[in-house]
Structures are given as C-alpha cells and as structure tokens.
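The values are calculated or read from the model by the stated rules, or taken from the named source; none is laboratory data. The model shown is predicted, which means the values in this text are computed figures rather than measured ones. Note that we place each Cβ from the backbone using ideal geometry, even for glycine, and neighbour counts take in every protein chain shown. With ligands, DNA and RNA removed, areas are computed over all heavy atoms of the protein, side chains included. Shrake-Rupley method; radii C 1.70, N 1.55, O 1.52, S 1.80 Å.
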Protein chains: 2
Amino acid sequence: MSQSVHVRPFRDLLDSGGVVEDPERIATYTMDQRQLFTGSTFAVLKPATTQQVADIVRLAAHYGIGIVPQGGNTSYCGGATPDASGRQVIVSLERMDRIREIDPVSMSISVDAGAILKNVQDAAAAAGLLLPLSLGAEASCRIGGNIGTNAGGLSVVRYGMTRDLLLGIEAVLADGTVVSDMRKLRKNNTGYDVKQCFVGSEGTLGIVTGAVLRLAPLPTRRATAWLKLAKDAPIAELLTLIHRESAYLLTTFEFMTSRSITLATEAITDPPSLGAGPGGAVLVEFASSSRHLDLDELMEAVLAEAIETGCVDDALLAQSGSQRTAMWRLRETIPEGEKRRNGSVKHDISVPLSSIQRFLDLAGSQVRSYDADLELSVYGHVGDGNLHYNVLVPRDVDRLEFTKRIESSLSLQLYDTAAALGGTFSAEHGVGRFKKHLLARYSDPGRIAAMRRIKTAFDPADIMNAGAIVCPMGGKSAS
Amino acid sequence: MSQSVHVRPFRDLLDSGGVVEDPERIATYTMDQRQLFTGSTFAVLKPATTQQVADIVRLAAHYGIGIVPQGGNTSYCGGATPDASGRQVIVSLERMDRIREIDPVSMSISVDAGAILKNVQDAAAAAGLLLPLSLGAEASCRIGGNIGTNAGGLSVVRYGMTRDLLLGIEAVLADGTVVSDMRKLRKNNTGYDVKQCFVGSEGTLGIVTGAVLRLAPLPTRRATAWLKLAKDAPIAELLTLIHRESAYLLTTFEFMTSRSITLATEAITDPPSLGAGPGGAVLVEFASSSRHLDLDELMEAVLAEAIETGCVDDALLAQSGSQRTAMWRLRETIPEGEKRRNGSVKHDISVPLSSIQRFLDLAGSQVRSYDADLELSVYGHVGDGNLHYNVLVPRDVDRLEFTKRIESSLSLQLYDTAAALGGTFSAEHGVGRFKKHLLARYSDPGRIAAMRRIKTAFDPADIMNAGAIVCPMGGKSAS
C-alpha cells in the first residue's frame, strides 16, 4: 500500500487542518524530545473531536495501520515517536485543547486530553484553585501525555502523581469503542476502575481524549528554604523529620548535589549566590491555603530542629517572593545547565526512601570504577525517593555515541544496584521505546505476564503505539 | 462429581487445619455480612502460604471448580459469598495474617493479605506511624478485602482510599501465575500498574496474597469539633471553607442528620448530650504530627469563620480526650443504632460535592412521595461526597421482605437521582453480587466493555469469584 493510499481515507474524515503531510512540518513530530531517535510517518492527524478520534482508530484498525498517539511530544523515553517503518500514523491531540468545565465546589476541572498542562494550571488558578501537577515541561506537555506517563514532578510529596489527581476519563479503545466516564467523583467503587489502566500506558491501550482532574485549594502562603547539607547527612532521616514536623504542609523536598547547582548557576545570567554544603542542598517548601497559619514561623521551628540534628550546616529562609523565585530558578535550571554543558545520560532512579543513601554510595563507586573522569549531575524529587542520577556527557565527545555506550554498560550497573535495593529504572519517565529492554530485564515475570494480558485485552492486534512498553500475547517479541 | 471428589485433591495440598468441611463451621463463611443471603460450599480452604494459594488455584482451574476468595467476610454487597450451587470453594486468607516488615524511614508496611486491618494499624502505631485507613469493620476486615473493595472510611478526605495507600502487591492469577511486586516505591512508572487492576476487583481477577501499604507520620495532636448546622446550611460550601482554612490538616468531615444521631444516642448506655442543628451535624477533625502547630487555636479560628457565615448555629470543640472519644462514639454507633431499630436498607451514594444539597432535596421528596411514613438515617463521609442514605426498616415488618421491596422500587429512584447528578450507586461498598444489576443499569457501555475485556484477560474461564461484578466476554450474561 503506497503512502497516498494510507492517507486518503483519513483526509476524508478530517478537515484540511486535520491532516499534516508536509515533510518539514511532520519532522517536528517524528523526532523525540531528547533528539536521540527520529521515526517516520506518512502523516500527522489532528482530530478535533472525540468522534473523529474514534473514526480514525476504526479506519486505522481496518487498514492495519499503527497509531502513535502524541500530546506535547515531551517523552524522555521515545514514548511518542513512531518507528522507522513509516507505517505508523501519528495522532496528535493538539487541536483538542479545551477546558470543558471547572467546578469550584467539587474542586475539579474537566479538560480535553490535548490541553496544555500550563493552561489547565492557569484556568484552575483563575478559579482560586490549584492543579497540583507541576513539572519542567509544563508549558508544552499535554494532559493526555501526563496521564499516559503518570507524570510526577515537583509536588508529588504532597499531592501525588497524575494518577492521584485523575477523577474521570474519556478514551477511545483500539476498536473505536468510546469509554466515557467523565464523572468528578472522589469515590466510585463500581467494579474495575478502567481509567487506571490508561495511567502509565503511554498510548498503548487506547487514546485518552478527555479527563477530569481533582484540584486543591490554592495555596495563599508559602515558606521556602534552601538547606545546605552537612557531610554524609542522612537525607531520608532529614526528610522524615521535616515531613513529620511540617505535618502535611510540606509540598517540596528537592535534593541537589553541588555539581548540579554549579551547572545551573553557570546557565543563569544573574545567578543567586546559593551553594551546596558538603552533602549537597535541599529546596524545601511548605504551602498552605489557610489564613490562620504562620508558615514562616513553622519553617523556622522545623529548620532549627533540623540544624540541631547536625544534618544541616546552614539554612536560608526566603524573605521575599524574589528570593523564593531565585531558589526555584536554580533548581529548575539544572536540566538546562546539563544541556549547555553537552547534555547528560539520564537515569530516572527510584529506591525506597530508606535506601537513598546506600544507593548514592554504591552508585558513586560504580561510576568511579567505570571511569574516574566521569562527572555526575545528581538531583531529584527525593521526597518521593526519586533521583535523577545523570552522567554528564564530556564536552569533547559525541553525545549520541556516548549515550549509547553508557546505556549499554554503566547504566545497567546502576539499574542493577537500584533493583537490588528494591528500586526501579524508571520513577516517572516511563518506558516508551528506549527502556523496553529494561522492563524485560528487571520486572517480575508474573507482572510482565499480567501486563501482556492487559495489552491483549485492549489491543490484540497491536495497533496502539506498537513498539512501546509491551506487545500482546502471541506478538512478535517476549516483552 | 461428588463433593468428596471435589475436596480430596485439596486435602492433599493442605494440612488438616487448612480444610474446613464441618457444615457448622462452614456456615459462618457462607452467610453474607448483612445476612441477606446464604450461599453454599463443600469446603473452606485456608492456605498458609502464597505457594499453597497458587496450588489451590491451579487445581481448581484443572477441575473447573470456582473459587470465592474471602478475607474478613464483611462485604456489604455479597462480594465474598458463594452462590447456591455448592460448586464454588471458599478460599479464606485468614491464616495468612503476618506483618512481614515495617520500614519506618520509607514509611511503609508489608503484610500478608489476610492480616486484620486493626492489627496492621497497631503494628504501624507501635513504630510511630499511622496506617490511615479506618472504618467500622476494622477489627475483623482483612487487608485483601480492603484492596478488593478499595475500602474508604473515616479519613479519606485527607489520606485517600485504599488505592492511594497501596505501594506493592503479591497476587495469584487464575492460572496460578504469581505476580510478585512487593516494592515499597512511591514512584515506579514502568508500564501498566498491574496492582491497580486488583483494587476494587473483589476477587474476580485473582487472589491478593500480600501488600505493601504506605504509612503516614503518626498524628500527635488532634482537634475535634461538633458542629450543629443551621437550617438549609450549604454543606459543600462549609466543607470548602473548612478544607481551605485548615490547609491540609482536615482529616475528617462526617455529616449526620438528627435522626441518625438519635438512633446512635439510643444505642449508647451513657450517651453524650450532643445533638444536631436543624441542618444536621458535622464531626470535624484536624490532625497533625507536628509539635509546632497549635491545632486548637487553628480550629477555633476556622470555627469562628464558619459561624460567621451563618452555616453553623453552634460549635463544640472537644476539650479532652474523653470528649473527643464521645463525639466519635456517637458517629460510629449509628450503624449499630440502625441495627437495633430493625436495620436499614443501605444506599451508599456518592455525588459531586457541588450536588450534595441538591441530592438531599430531590431524594427527600422521592422518599416522601413513595411512602410518607418511611424514616431515614442519613449520614456519611461528606468530605468525599459520600452519603449513606439509609431507609430504616419499620419496626413491625420483615427486614428481608422490606429490603427486597425497597431495593426493587425506591432504591432505583434514588440511584436514578444520583446518576442524573453525575453520582454513583456505590461509593465505597463495591458491587459484589447484590449490585450487579445496578452496574449494568448505570455504567457507560464503553466502560462495561472495557471491564469485560479486563475480566477476560485475567480470568477467561470465570474461575475467580464468578457471579460478582462482571463475567468474561462470551460469558453467560450481559454484564
């Protein structure tokens, strides 16, 4: 079947704005976010309604054409990139970006899956509420992608992951069936919670077209502090103390090593003079929607306790909005700092909180044994046991080649260490195409068997994002 | 096949304590919690290990014997009761009740699925931590059942349902495959989160044998208040205010009507003199693990605001542990009060928070039109939009007959009203055998189709708790 035969039936379904065939425009959809791989497609389809999504899926199934659903194309794991065959069509949700409804009393927001995260945050804030999902890609990633990867980010310690925020869903299955359950209920125990299957499924079970998300009261007060850690400070114990003594007001506990801070500092024109202690630094934030709590007073009391334990050498409490912004800017510029250097090989590790220190020790030894000249940028959402354990690409080497080499050698050692500590090779970035071999390597066989059953149940012909995560039973590869 | 042929192979698998065949002892397992239905079985099997569970399942599959998994047998919906055929065997997890591990730094607890909820709470508390799952049946219900029904209860507004607490799982699938994923990770985005399928599945997809649950810091301070509501007080708006101004310290928001309070009062020998206002009453609790927050001061400030709005006629702040206990006792004795009267027909309604008042108005009219003499006991976890909207069985009528009559007439009217408001017929009690027809009546067909796909994927031969929730595709009935 030639490409024109592929695309013709879709043209009949969609208006002219709904089919992209120009190779230059297509190119922005076929390269993955980290520019590690470029796939191929004959067209990008942009449905405007759920009905059009269902029609596309039915047509694709009829012709045996694979579908790669795409939101903001910000996957770190090649989760939204077609393969090289050119036989998969991209279905971009970008035209389905409406805010459907905000219900301030129920504290919920209903949106199209193509809505950009930042726009949903803004719509919630305009109604005096908070969408408590915040991550680096928020200005371009879309809600459907957040659901597909169970996105985490910067306030999971308080509000949870995307899964914890999802109240309702609308999705199109691989046979065109529409699941429509856009209720905004906190509780609805009526059999299997079908929407859970889509969370973290990276477009392999169907296409999410709409979602209801829970909101929280908008914090009106924040207290933000920068903690310089003492040598060998036990991070998890510090977290335990701050978690307990802040009650439930802790929203952020972000760890950074000195090297990561330096990288960020170098990438900022007018950087704040915030450094790390020998054990690194932690950005801590409390937030509250109450007018009756003095958060600065609470933070001061908690910091005094933390300093008393000897874990913290020095603590700075932001005295103004601009000091707070400066602290956050430093934390959020780390990925950009890595990029300016020559990029990094990313390891999105998570271990039980009690094993963080042990992981840092063991992994550090592994890196030194592998190549004593390698430099690390280690930071992350330690409040959730999540470390971005990144190996910096040396300035003078080819980024792609270096990445391939590390990922086939040192990375596996690091993942082995995480696994031995009961951890995982992907805390919040997902599996996609890049980490499929890791899923096979590290997952319990019973769990993989169950995953393949789920895939088979929803998409036996492997139409939906084939190549990502797992293939159906009877499919071509073992995982 | 005679019953002895049924039971013989299981006897070979298990020690003598593992097979119950005595009809009198069996009888306590075959009657449902609400004593509405008695099923039949030829034996109760009590495996002591996960391996024995897997062996039982394989044997049952081989002989085509259906399995009904059972924890504490406290389902309100007949979720753990075999049918009348006598061909289903009960697999009780009661001998698998170990606490496997507590990790205070990771704030997690690993347990056998047969562990009694109260025992897990106690083990956590002994380590200075809180298992934030608390419900009426806690002294007898078991963790596997809590997972199977996604149990909610008294602190969902702060801590979420069982789903929100589940970090890891061990389960035996219908073909004997063991899924073993007992990691205690907050974040692990590596493909489909298989454990989510088991939450709310009521034993129809496999048998949960172990679980890792997340814990919270143990609250060291509590402030508890009893609010008497003004006439027509807008409950959801009051919740919004208290939720916002308590920041994240609100753990309980329990609504009660005057009738429910009276029933509880009559069932207590030395009842506290706590009544309702014209709009009912609300039990509010704040809890905190911090030594740096004065919760009484916060509660007083929040209550003053609430009174100012005119929603609240009067508010009593518990001044001692015994006052606090008295408030809780009144709330928790309501089900017992109903039972002593002559029981109730239960409706476990949930609606969006913004529709609570509207539901109460519409449902009240429906009840009055149906029979002006009927009395209601309405209370519930209104912080989650969950109302236990119970119709009291008149003293002089047969409870079973009355229940059947109401459930086939008035109940459907009430559920219709909930559904029209975007609500549900089962907030936290599940579906089981009793509410299967309601699932078919009220669920989106796409969602039902997806549920049947999931059932088919995990249990195509309908071995696991056949008769509850849905049957596989190609099965005997439509849902």
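Accessible area per residue for the range B:1-148 in Å², computed with a 1.4 Å probe and the full protein assembly in place, what is it?
I get 38 Å² per residue for the range B:1-148.
Quick one: give the max-minus-min coordinate of the C-alpha atoms of chain A along each principal axis, largest first, in Å.
70, 55, 46
Hey, for A:D122 with labels 7 Å out along Cα-Cβ, what do the inter-copy distances come to in nm, ordered shortest first?
Between copies, matching label points for A:D122 lie 5.6 nm apart.
Of the heavy-atom accessible surface of chain A (probe 1.4 angstrom), what whole percent is carbon and sulfur? Walk me through the numbers on the way to the answer.
Values: 8040 of 16430 Å².
Accessible surface attributable to carbon and sulfur in chain A totals 49 percent.
Give me the inter-chain shielding for B:395-405: mean count of other chain Cβ atoms within 10 Å, whole number please.
For peptide B:395-405, the averaged partner shielding equals 0.
Can you find, among A:A281, A:G17, A:A61, the residue sitting farthest towards the positive end of the charge dipole of chain A, where Lys and Arg contribute +1 and Asp and Glu -1 at Cβ?
The one lying farthest along the dipole's positive direction is A:A61.
In the structure displayed, which of A:K404/B:K184; A:K184/B:K187; A:K46/B:K195; B:K228/B:K339 lie more than 28 Å apart, Cα to Cα?
A:K404/B:K184; A:K46/B:K195
With the crude spin-label approximation of a point 7 Å out along Cα→Cβ, what separation in nm comes out for A:R98 versus B:T220?
With each label placed 7 Å out from Cα toward Cβ, I get 5.2 nm.
Are there any trypsin sites (Lys or Arg not before Pro) in the range B:177-268 that are in a DSSP loop and have at most 11 other Cβ atoms within 10 Å? List them by number.
For trypsin sites (Lys or Arg not before Pro) across the range B:177-268 that sit outside H, G, I, E and B with at most 11 neighbouring Cβ atoms in 10 Å, the list reads B:K231.
Efficiency by 1/(1 + (r/R0)^6): what FRET value for B:V105 and A:S140, r their Cβ-Cβ distance, R0 = 35 Å, to the nearest 0.05? Don't jump to the answer; show the numbers that get you there.
Working: r = 36 Å, r/R0 = 1.04.
Taking R0 as 35 Å, the efficiency between B:V105 and A:S140 is 0.45.
Mind listing, in residue-number order, the residues in the range B:269-300 that have at least 20 Å² less accessible area with every protein chain present than in their own chain alone (1.4 Å probe)?
Flagged in the range B:269-300: B:S289, B:S290, B:R291, B:H292, B:L293, B:L298.
How many square angstrom of accessible surface are buried between B and A, both sides summed, with a 1.4 Å probe and rounding to 100?
Using a 1.4 Å probe, the pair buries roughly 7700 Å².
Find the eigenvalues of the gyration tensor of the Cα atoms of the protein assembly as shown, then list the square roots of 5 times those eigenvalues as equivalent ellipsoid semi-axes, largest first, in whole angstrom. Intermediate results must be reported in sequence, preceding the final value.
Values: eigenvalues 364, 249, 160 Å².
The answer is 43, 35, 28 Å, longest axis first.
Take the alpha carbon atoms of the range B:113-246, find their radius of gyration, then divide it by 2.2 N^0.38 Å using N residues; give the quotient.
1.23
Counting Lys and Arg as +1 and Asp and Glu as -1, what is the net charge of the other residues whose Cβ lies under 9 Å from the Cβ of A:M473? Don't jump to the answer; show the numbers that get you there.
Working: positive: A:R452, A:R453, A:K455; negative: none.
Computed value for this residue: +3.
Considering all alpha-carbon pairs of the range A:3-92, what whole percent are spaced by more than 14 angstrom? Could you put the intermediate results ahead of the total?
Working: 2402 of 4005 pairs.
Looking at the range A:3-92, the distances longer than 14 Å represent 60 percent of pairs.
Residue by residue through the range A:221-235, what is 3J(HN,Hα) from phi via Karplus (6.51 cos²θ - 1.76 cosθ + 1.60, θ = phi - 60°)? Round to whole Hz and write x for glycine and proline.
10, 9, 10, 10, 9, 10, 10, 8, 8, 6, 4, 6, 4, x, 4
Compute the Kirkwood hydrodynamic radius of the range B:36-182, taking the inverse of the mean of 1/r over all pairs of distinct Cα atoms, and give it in Å to one decimal.
Computed over Cα pairs of the range B:36-182, the Kirkwood hydrodynamic radius comes out at 16.1 Å.
Please compute the per residue accessible area over the range B:221-335 with all protein chains in place, 1.4 Å probe, rounded to a whole number of Å².
Normalised by residue count, the accessible surface of the range B:221-335 is 37 Å².
Can you work out the accessible area per residue across the range A:344-420, with the rest of the protein chains kept in place, probe 1.4 Å, in square angstrom?
38 Å²
Read phi for every residue in the range B:345-354 and hand back ³J(HN,Hα) as whole Hz from Karplus 6.51 cos²θ - 1.76 cosθ + 1.60, θ = phi - 60°, with x for Gly and Pro.
So the Karplus estimates, Gly and Pro as x, are 8, 8, 10, 8, 7, 9, 10, x, 3, 5 Hz.
Put a label point 7 Å from Cα along the Cβ direction on A:T38, then list its distances to the equivalent points in the other copies in nm, shortest first.
For A:T38, the inter-copy label distances come out at 7.6 nm.
Which parts of the range A:349-369, residue by residue, lose 20 Å² or more of accessible area when the rest of the protein chains are there, as against the chain isolated (1.4 Å probe)?
SASA drop of 20 Å² or more in the range A:349-369: A:S350, A:P352, A:L353, A:S354.
Helix-only mean residue ellipticity at 222 nm, chain A, DSSP H runs n ≥ 4 weighted -39,500 (n - 2.57), per residue, nearest 500. What is it? Walk me through the numbers before you get to the answer.
Details: 18 runs with 173 residues, N = 479.
Helix-only estimate at 222 nm: -10500 deg cm²/dmol.
What distance in nm lies between label points placed 7 Å from Cα along the C-beta direction at A:S322 and A:M473?
That separation, rounded to one decimal, is 6.4 nm.
Please turn the phi angles of the range B:160-171 into ³J(HN,Hα) values with the Karplus equation 6.51 cos²θ - 1.76 cosθ + 1.60 (θ = phi - 60°), one per residue in order, whole Hz, x for glycine and proline.
x, 8, 3, 3, 6, 9, 8, 9, x, 9, 10, 8
What is the sum of charges around B:D398, taking Lys and Arg as +1, Asp and Glu as -1, for the other residues whose C-beta is under 15 Å from the C-beta of B:D398?
Once all neighbours under 15 Å are counted, the net charge is +3.
Which residues, if any, in the range B:439-466 have at least 20 Å² less accessible area in the whole protein complex than in the isolated chain, probe 1.4 Å?
Those are B:D444, B:G446, B:R447, B:A450, B:M451, B:R453, B:I454, B:A457, B:F458, which lose 20 Å² or more relative to the chain on its own.
With +1 on the Cβ of every Lys and Arg and -1 on the Cβ of every Asp and Glu, and nothing else charged, how large is the dipole of chain B about its Cα centre, in debye rounded to the nearest 20?
It works out to roughly 1100 debye.
Can you give me the long-range amide H partners of A:N390? Hydrogens built in the peptide plane at 1.01 Å from N, cutoff under 5 Å, separation of 5 or more residues or another chain.
The list, which skips near neighbours in sequence, is A:H347, A:S377, A:V378, A:Y379.
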